[in-house]
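Inspection log for the structure reproduced underneath, given as structure tokens.
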Amino acid sequence: MLKNKHLRLLSFSLFTIIIASVTTKSMFAQSLNDTSISKQLTLEQLVITADRTPVMFEQLKRSIQVLSKKEIERMPVRNISELISYAMNTDVRNRGAYGMQADINIRGGSFDQTLVLLNGMNISDPQTGHHNMDIPVDLSGINRVEILKGPGARVFGPNAFNGVINIITNEKVADQLSVSAMGGQYSLYSFSASVIKSFGNTTHNLQLSKSGSDGFTDNTDFKAFNLFYSGTAGKTQKLEYQASYMQKAFGANSFYTPKYPDQFETTKTIFASARYKTSFKGFAPAIYFRRHYDEFRLFRDEAPAWYTTHNYHYTDVFGSNANIWTNTGKRSKFSIGYDLRHELIRSNKLGDSLSDEIPVNGVEGTFYTLGKARTSAGLFAEESVTLDKFSVSAGLLASYLSALPGKIALYPGIDAAYQLSDNFRIYATANRTLRLPTFTDLYYNDATSKGDPNLKPEEAITIEAGLKFNKPGIIAHAAFFKRYGKNMIDWVKLENQDPWQAMNITDINVAGFETSFALNIEELSGNKSFLKTITLNYAYLKADKSSDEFMSRYVLDILKHKADLLVYHQVWRNFSASWAFSYQDREGGYIKYVNTVPETTETPYTPFIQMDLQLNYSNKKWMLFAEATNLLDNEYVDYGNVPQAGRWIRMGVRFNTLLKTSNSN
């Protein structure tokens with residue numbers, strides 16, 4: 001049964017949508033919601049809503065990277081974590097094979113500081129950021145990925161601390177059927193199918209995928225299944241909805257402690273949302289729900305006598321948001337809106353004691369005995385002004401946080417830009433942000449790790465200045481930024497034999513520089529060419545603390561240098577090749593374990609080069625591909641003692657065909 005608090009939240013959200021549907025009459029030509037970044041067919045028409053009010057690309061005042069469907073199809077990647085690993089100034093630290101578990105860090109932040117959205121809906125997990133990439137969509141079903149660099153609390157609320165990733169699937173496309181299959185080393189297999197179909201004023205998008213492998217070494221096997229549906233209904237006013245189910249089971253070799261490498265994990269995710277797009281000033285109220293199950297086994301098979309039970313958790317998230325804006329002058333807009341989110345966990349490991357125990361489904365004699373709940377409610381306002389070549393937006397989010405000692409938190413921010421010429425634009429931003437501790441940070445306790453229920457929220461002020469260059473065929477960007485962090489949360493060891501402890505490690509300031517250069521040869525020249533596209537990214541980060549003071553598990557092990565090179569070229573006629581290179585040099589180190597026994601000194605992370613290759617043949621309906629990840633077969637470490645795959649070869653086929661469109665009403 002839902003608690004009264006849940007019912008009140010859900011009732012309020014439904015009431016908002018009902019009122020909107022009754023009081024609005026016609027469809028706004030290009031309505032935009034407050035948590036999506038919309039892109040038109042050409043760069044000049046690119047529309048961004050990183051501000052609370054929509055702005056065109058030439059007025060952009062933030063660092064945002066958009067990966068289009070065409071770019072995704074050309075890259076030698078087969079899952080979302082592989083794709084994001086080649087984005088500018090992102091740090092993907094893989095645990096499980098083939099993206100089973102991956103931590104996404106942006107600009108030197110931790111994985112808990114990155115907010116993940118699915119079609120503009122917040123799907124981040126309150127238990128731990130390790131589950132944020134449990135995204136129930138196959139890569140083949142994604143239309144684009146949008147990555148906001150830097151704090152986004154003013155737009156997206158708490159926990160958009162250091163960046164936001166928005167996965168977009170629901171763009172209007174032609175009716176079509178798509179099927180793909182892939183196989184590779186280590187008994188790797190993957191199958192996916194999707195159909196997009198319109199009937200009158202409704203559209204429907206159904207996707208399913210299944211994958212698995214025996215693993216590249218001991219206890220790295222996995223199985224995964226995704227089912228995703230999205231649709232729209234209406235013509236002058238539109239209801240958008242989506243629902244999904246995801247299940248994963250994988251060997252978790254040394255994930256949380258190398259002392260016991262035979263770990264295993266199973267997760268399940270259920271997600272649903274609805275948004276009603278109205279004709280009234282961009283008003284598009286939305287509701288969403290997410291449930292996530294997590295079963296973690298420290299010992300997959302045989303366990304010692306002192307180990308009595310596995311860890312069982314589930315989290316529920318209820319949310320609602322809406323935005324409305326109006327013109328306050330010929331060149332100014334004002335927007336206002338709200339965001340509600342309620343998070344709950346039930347567990348046998350995390351939280352405070354429950355008055356009534358809850359049986360764990362399918363596990364006889366096991367109960368959820370602990371739990372916790374918290375609520376956030378935000379009200380925002382923003383003014384955006386454009387004066388010839390100068391534009392500025394300033395706003396404030398006032399957020400009620402039930403878990404915060406003072407209950408109220410304020411997130412001010414200002415973004416400004418100046419158009420130097422038709423192609424050059426400079427910008428500067430300053431924003432405040434905050435992140436609440438996860439339930440794992442607060443409550444997790446075992447022989448090797450110790451949480452702290454008295455942790456304070458992380459806080460930061462980030463300033464940034466940058467330069468953008470844009471013309472047909474060339475996109476370039478350079479930026480300097482600095483984050484002044486307070487009460488930063490990390491899992492640390494003060495001495496080698498101590499357990500990992502969740503701590504607020506006072507102030508940590510991170511400064512960085514990033515630059516990117518993307519060249520489309522054919523768009524630039526207007527002629528066909530052997531070399532199609534070249535993209536080069538470089539990022540440098542420096543923290544004012546190092547793990548010499550204490551052993552850091554996450555926050556201080558940042559990528560000091562990261563350089564990516566992506567090249568796409570024709571081979572012969574319909575044959576083409578994609579190359580991806582990444583150089584990574586990470587700060588910090590780890591205690592290396594040999595046969596579950598720790599060494600006495602810290603091993604520094606070693607720089608390495610990752611090289612991936614895709615060869616493909618394509619025509620109007622078919623694409624045949626062969627890929628090799630880690631082509632150089634380099635040994636490398638993302639997390640200390642967690643094994644990473646060497647060279648992994650795979651190949652497959654994809655079929656895509658257009659369907660006849662139904663015009664019936």
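The values are calculated or read from the model by the stated rules, or taken from the named source; none is laboratory data. Please read all numbers here as calculations on a predicted model, not as lab measurements. Every residue, glycine among them, receives a Cβ derived from its backbone with ideal geometry; neighbour counts consider all protein chains shown.
Numbers below:
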quantity	calculated
Contacts under 6 angstrom Cβ, first residue in region 295-323 being among the small types (Gly, Ala, Ser) and surrounded by 15 or more Cβ atoms within 10 Å (Cβ to Cβ), partner modelled with pLDDT of 90 or more and part of a loop (DSSP other than H, G, I, E, B), 6 or more apart	Ala322/Pro285
Of residues in region 231-254 being under 23 Å from the mean Cα position of the chain (by Cα) and hydroxyl-bearing (Ser, Thr, Tyr), the one surrounded by the most Cβ atoms within 10 Å (Cβ to Cβ)	Ser244
Filter result for Leu379 (closer than 23 Å to Asn445 by Cβ and either assigned to a strand (DSSP E or B) or out of contact with any strand residue (DSSP E or B) (no Cβ under 6 Å at 6 or more places or on another chain) (or both))	no
Subset tally (residues that are crowded, with 19+ Cβ neighbours inside 10 Å and either out of contact with any Gly (no Cβ under 8 Å at 6 or more places or on another chain) or part of a loop (DSSP other than H, G, I, E, B) (or both)) for region 217-230	4
Long-range neighbours under 7 Å by Cβ, at least six apart or interchain, first residue in contact (Cβ under 8 Å) with a residue 24 or more places away in the chain within region 65-80, second in a loop (DSSP other than H, G, I, E, B) and among the polar types (S, T, N, Q)	Lys69/Asn143
Conditions (1) assigned to a strand (DSSP E or B); (2) farther than 30 Å from Arg154 by Cβ; (3) acidic (Asp, Glu); number of the one not met by Glu364	(1)
Unmet criterion (only one of (1) of a type in the set (Asp, Glu); (2) modelled with pLDDT under 95; (3) crowded, with 18+ Cβ neighbours inside 10 Å) for Glu602	(3)
Verdict on Ala284 being buried (at least 18 other Cβ atoms within 10 Å of the Cβ), of a type outside the set (Val, Ile, Thr), over 25 Å from Lys372 (Cα atoms) and at pLDDT 95 or above	no
Failed condition for Thr269, given (1) under 30 Å from Tyr98 (Cα atoms); (2) surrounded by fewer than 20 Cβ atoms within 10 Å (Cβ to Cβ); (3) of a type in the set (Ser, Thr, Tyr)	(2)
Search result, residues across region 581-595 that are more than 26 Å from the chain's Cα centre (by Cα), of a type outside the set (Phe, Trp, Tyr) and surrounded by 13 or more Cβ atoms within 10 Å (Cβ to Cβ)	Ile591, Lys592
Those strands (runs of 3 or more DSSP E) lying entirely in region 102-155 with at least 3 residues within 22 Å of Pro285 (Cα to Cα) and among the aromatic types (Phe, Trp, Tyr)	none
Residue ranges of strands (runs of 3 or more DSSP E) in region 231-297 with at least 1 members out of contact with any strand residue (DSSP E or B) (no Cβ under 7 Å at 6 or more places or on another chain) and within 25 Å of Arg93 (Cα to Cα)	none
Count - residues of region 581-634 that are closer than 30 Å to Tyr540 by Cβ, hydroxyl-bearing (Ser, Thr, Tyr) and outside any strand (DSSP E or B)	2
Some residue of region 486-501 being among the polar types (S, T, N, Q) and either buried (at least 22 other Cβ atoms within 10 Å of the Cβ) or under 22 Å from the mean Cα position of the chain (by Cα) (or both)	no
Residue list for region 556-580, filter: outside any loop (DSSP other than H, G, I, E, B) and within 20 Å of Pro643 (Cα to Cα)	Leu559
Residues satisfying the stated conditions in region 599-617, i.e. farther than 17 Å from Pro258 by Cα, out of contact with any helix residue (DSSP H, G or I) (no Cβ under 9 Å at 6 or more places or on another chain) and among the polar types (S, T, N, Q)	Thr606, Gln610
Residues of region 272-323 classified as aromatic (Phe, Trp, Tyr) and under 27 Å from Thr220 (Cβ atoms), total	7
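A quick yes/no check of all residues on (1) acidic (Asp, Glu); (2) within 30 Å of Lys660 (Cα to Cα); (3) crowded, with 24+ Cβ neighbours inside 10 Å; (4) modelled with pLDDT of 90 or more:
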{"site": "Gly108", "(1), (2), (3), (4)": "no, no, yes, yes"}
{"site": "Ile147", "(1), (2), (3), (4)": "no, no, no, yes"}
{"site": "Gly157", "(1), (2), (3), (4)": "no, no, yes, no"}
{"site": "Glu171", "(1), (2), (3), (4)": "yes, yes, no, no"}
